[in-house]
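What follows is a short report on a single structure.
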Amino acid sequence: MKKPTIVIVALIALIGGFGLSWFGEQARALPEFELIDHNRQALTRDSMRGQWSLLFFGFTHCPDICPISLQTLADMQNAIDDTDVSDAIKIYFVSVDPERDTPEVLAEYVKYFSPAFSGATAPLEALTPLTRSLGIAHAIRNRTETSADYDVEHSAAIVLINPQAEYAGLFSAPHDPLAMARDMTRIVERHPL
């Protein structure tokens with residue numbers, strides 16, 4: 001590729017975001033996992049069956065990426081005009097900071113963005129096999145035994161799970177709620193429950 005072509009492709013990617021990577025027939029089964037949702041109920045691979053699920057991994061003390069991404073998901077949800085489509089999609093915020101993000105903390109946090117959102121978490125040893133299978137990076141940094149003030153690094157991608165509980169796609173950052181609404185509408189309409 002010539003240099004001007006590379007620059008144009010890079011600008012398009014920056015302006016329009018990287019959008020959805022759809023795996024289609026290449027979707028792969030999720031591993032077995034068990035998280036605890038904000039109602040203290042088990043959230044498992046089987047819980048994902050029979051619906052389209054969007055998962056965002058982050059933490060409630062996040063100053064920017066998490067609230068922006070959750071607001072984007074709320075805006076996407078509101079932009080979907082067809083109630084059959086919006087009813088087919090469940091949105092989950094999965095915390096990678098289980099020490100601070102208890103189910104009670106998650107319940108308060110997710111309802112700020114949408115009463116339809118679910119929050120979930122698990123001890124890191126239970127969470128890591130799921131995040132690893134989805135390619136979601138996360139790490140706790142600058143933690144000391146005397147302070148609860150530490151950093152959590154995490155991916156900004158939004159994961160798409162199909163109704164068969166398979167990893168079906170990935171929305172890369174930056175996220176555009178209208179583009180995501182169009183993509184999700186097309187996917188749900190072409191692949192009904």
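The values are calculated or read from the model by the stated rules, or taken from the named source; none is laboratory data. Values in this document were obtained by computation on a predicted structure and should not be read as measured data. Counting neighbours? That spans all protein chains shown, and the Cβs are built from the backbone with ideal geometry, glycine included. Ligands, DNA and RNA are stripped out before the accessible areas are found, and what is left, the full protein with its side chains, is counted by its heavy atoms. Shrake-Rupley method; radii C 1.70, N 1.55, O 1.52, S 1.80 Å.
Mind checking which residues of region 122-139 are open to solvent by 10 Å² or more (accessible area, probe 1.4 Å) and more than 14 Å from SER155 (Cβ to Cβ)?
PRO123, LEU124, GLU125, ALA126, PRO129
If you take the residues of region 23-36 that are open to solvent by 40 Å² or more (accessible area, probe 1.4 Å) and in a strand (DSSP E or B), which of them is farthest from GLU125 (Cα to Cα)?
The selected residue is ARG28.
Take region 37-51 and flag every residue that is crowded, with 19+ Cβ neighbours inside 10 Å and out of contact with any helix residue (DSSP H, G or I) (no Cβ under 6 Å at 6 or more places or on another chain).
Within region 37-51, the subset crowded, with 19+ Cβ neighbours inside 10 Å is 37-38, 43, 47-48.
If the condition is that a residue be crowded, with 19+ Cβ neighbours inside 10 Å and out of contact with any helix residue (DSSP H, G or I) (no Cβ under 6 Å at 6 or more places or on another chain), then ASP37, LEU43, SER47, MET48 are the ones that fit.
Going by the structure shown, is GLY119 in contact with a helix residue (DSSP H, G or I) (Cβ under 6 Å, 6 or more places away or on another chain) and farther than 20 Å from ALA179 by Cβ?
Values: in contact with a helix residue (DSSP H, G or I) (Cβ under 6 Å, 6 or more places away or on another chain): yes; farther than 20 Å from ALA179 by Cβ: yes.
Spelling it out, GLY119 is indeed in contact with a helix residue (DSSP H, G or I) (Cβ under 6 Å, 6 or more places away or on another chain) and farther than 20 Å from ALA179 by Cβ.
State whether one or more residues within region 95-112 are closer than 11 Å to LEU55 by Cα, open to solvent by less than 10 Å² (accessible area, probe 1.4 Å), not hydroxyl-bearing (Ser, Thr, Tyr) and not in a loop (DSSP other than H, G, I, E, B).
Here is the first cut: in region 95-112, the residues closer than 11 Å to LEU55 by Cα are 95.
Subset that is open to solvent by less than 10 Å² (accessible area, probe 1.4 Å): 95.
Subset that is not hydroxyl-bearing (Ser, Thr, Tyr): none.
No, that holds for no residue.
Regarding LYS90, is this residue of a type outside the set (Phe, Trp, Tyr) and farther than 27 Å from ARG190 by Cβ? Steps first, answer last, please.
Numbers: of a type outside the set (Phe, Trp, Tyr): yes; farther than 27 Å from ARG190 by Cβ: no.
Against the criterion (of a type outside the set (Phe, Trp, Tyr) and farther than 27 Å from ARG190 by Cβ), LYS90 does not qualify.
Which of the numbered conditions does PHE171 fail, given that it passes all the others? Conditions: (1) assigned to a strand (DSSP E or B); (2) closer than 24 Å to ARG40 by Cα.
Among (1) assigned to a strand (DSSP E or B); (2) closer than 24 Å to ARG40 by Cα, PHE171 violates only (2).
Looking at region 147-159, is at least one residue under 14 Å from the mean Cα position of the chain (by Cα), in a strand (DSSP E or B), at pLDDT 95 or above and of a type in the set (A, V, I, L, M, F, W, C)? First the steps, then the outcome.
Of all residues in region 147-159, those under 14 Å from the mean Cα position of the chain (by Cα) come to 154-159.
If we keep only those that are in a strand (DSSP E or B) too, we end up with 154, 158-159.
Add one more test, that the residue is at pLDDT 95 or above, and what stays is 158-159.
Retained after the next criterion (residues that are of a type in the set (A, V, I, L, M, F, W, C)): 158-159.
Yes, some residue in region 147-159 is under 14 Å from the mean Cα position of the chain (by Cα), in a strand (DSSP E or B), at pLDDT 95 or above and of a type in the set (A, V, I, L, M, F, W, C).
When region 63-94 is examined, which residues are found to be open to solvent by 70 Å² or more (accessible area, probe 1.4 Å) and in a loop (DSSP other than H, G, I, E, B)?
PRO63, ASP64, ASP81
Under 6 Å between Cβ atoms, at least 6 apart or on separate chains: pull out the pairs that start in region 47-69 with a residue that is farther than 24 Å from PRO31 by Cβ and end on any residue that is among the hydrophobic types (A, V, I, L, M, F, W, C).
From region 47-69, the pairs are THR60/VAL105; ILE65/ALA156.
In this structure, is THR60 in contact with a Cys (Cβ under 8 Å, 6 or more places away or on another chain) and outside any strand (DSSP E or B)? Full working, then the answer.
Numbers: in contact with a Cys (Cβ under 8 Å, 6 or more places away or on another chain): yes; outside any strand (DSSP E or B): yes.
Yes: the conditions hold for THR60.
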